[in-house]
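Notes follow the structure.
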Amino acid sequence: QLHQNDLPAQRMNGGIVRKEAVNRVAKEEKQQGQSKSPVILSFQKDGLDVSSTSVTGRVNDLIPISLQGEPLEIGFNCRFLCEAIKACEADMLKISLSGPLAGMLVEPTEKEEGKRFMLLVLPVRLNQ
């Protein structure tokens, strides 16, 4: 159960994205054995770049997104991201972030009766 203190105070970055697009890329990375490598979400003006690199190769996909705020790069544990996206009951997701070390808030774009949820996915620190 989320408490108000767990939520990012100011959610300045993020956007609207299709669940199936993020889910497809995350599953692909997991299937290629890259679940131990962080999934990097790079919010850019031209889309959301979802990527992961490991000793077996690199997975990369550019997903259309309605970006709000400044470009931002953040990393997540592949398994945790997959589980969070899988648990979402909506087709379109609103993703909100306040920075590269703060949690990512995932909500439905439209709050339908019986489909209300709010997920907090915590990031991993990326080696730059």
Seminar exercise, completed: Pairs returned, first residue in the stretch 54-66 that is free of Cβ contacts under 8 Å to residues at least 40 places away in the same chain and farther than 16 Å from Cys78 by Cβ, second residue that is surrounded by fewer than 16 Cβ atoms within 10 Å (Cβ to Cβ) and of a type in the set (Asp, Glu), beta-carbon separation under 9 angstrom, 6 or more apart or interchain, are Leu62/Asp46
Problem set entry | Residue in the stretch 87-96 that is without any contact (Cβ under 8 Å) to a residue 60 or more places away in the chain, of a type in the set (D, E, K, R) and open to solvent by 30 Å² or more (accessible area, probe 1.4 Å) present | yes
For this session: Output the qualifying pairs, or none if there are none: Cβ atoms under 8 angstrom, residues six or more apart or on different chains, first residue in the stretch 37-51 and farther than 12 Å from Leu81 by Cβ and acidic (Asp, Glu), second residue open to solvent by 30 Å² or more (accessible area, probe 1.4 Å) and part of a strand (DSSP E or B).
Result: Asp46/Leu62; Asp49/Ile40; Asp49/Asn60; Asp49/Asp61; Asp49/Leu62
Exercise. Looking at the stretch 74-81, is at least one residue at pLDDT below 80 and either in a helix (DSSP H, G or I) or open to solvent by 30 Å² or more (accessible area, probe 1.4 Å) (or both)?
Worked result: no
Seminar exercise, completed: Across (1) assigned to a strand (DSSP E or B); (2) in contact (Cβ under 8 Å) with a residue 60 or more places away in the chain; (3) surrounded by 18 or more Cβ atoms within 10 Å (Cβ to Cβ), Leu120 clears everything bar (3)
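Report the residue count in the stretch 1-29 for those that are at pLDDT 65 or above and either open to solvent by less than 50 Å² (accessible area, probe 1.4 Å) or more than 22 Å from Gln68 (Cα to Cα) (or both).
14
Per-residue answers, yes or no, for (1) among the β-branched types (Val, Ile, Thr); (2) part of a loop (DSSP other than H, G, I, E, B):
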| position | (1), (2) |
| --- | --- |
| Ser42 | no, no |
| Val50 | yes, no |
| Arg58 | no, no |
| Leu67 | no, no |
| Ile85 | yes, no |
| Pro100 | no, yes |
For this session: Determine whether the stretch 56-72 contains at least one residue that is farther than 18 Å from Ala21 by Cα and under 13 Å from the mean Cα position of the chain (by Cα).
Result: yes
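The values are calculated or read from the model by the stated rules, or taken from the named source; none is laboratory data. For clarity, every value in this text was computed on a predicted model and none was experimentally measured. Positions of Cβ are backbone-derived with ideal geometry, glycine not excepted, and every protein chain shown enters the neighbour counts. Protein only, heavy atoms only, side chains kept; ligands, DNA and RNA dropped before computing areas. Shrake-Rupley method; radii C 1.70, N 1.55, O 1.52, S 1.80 Å.
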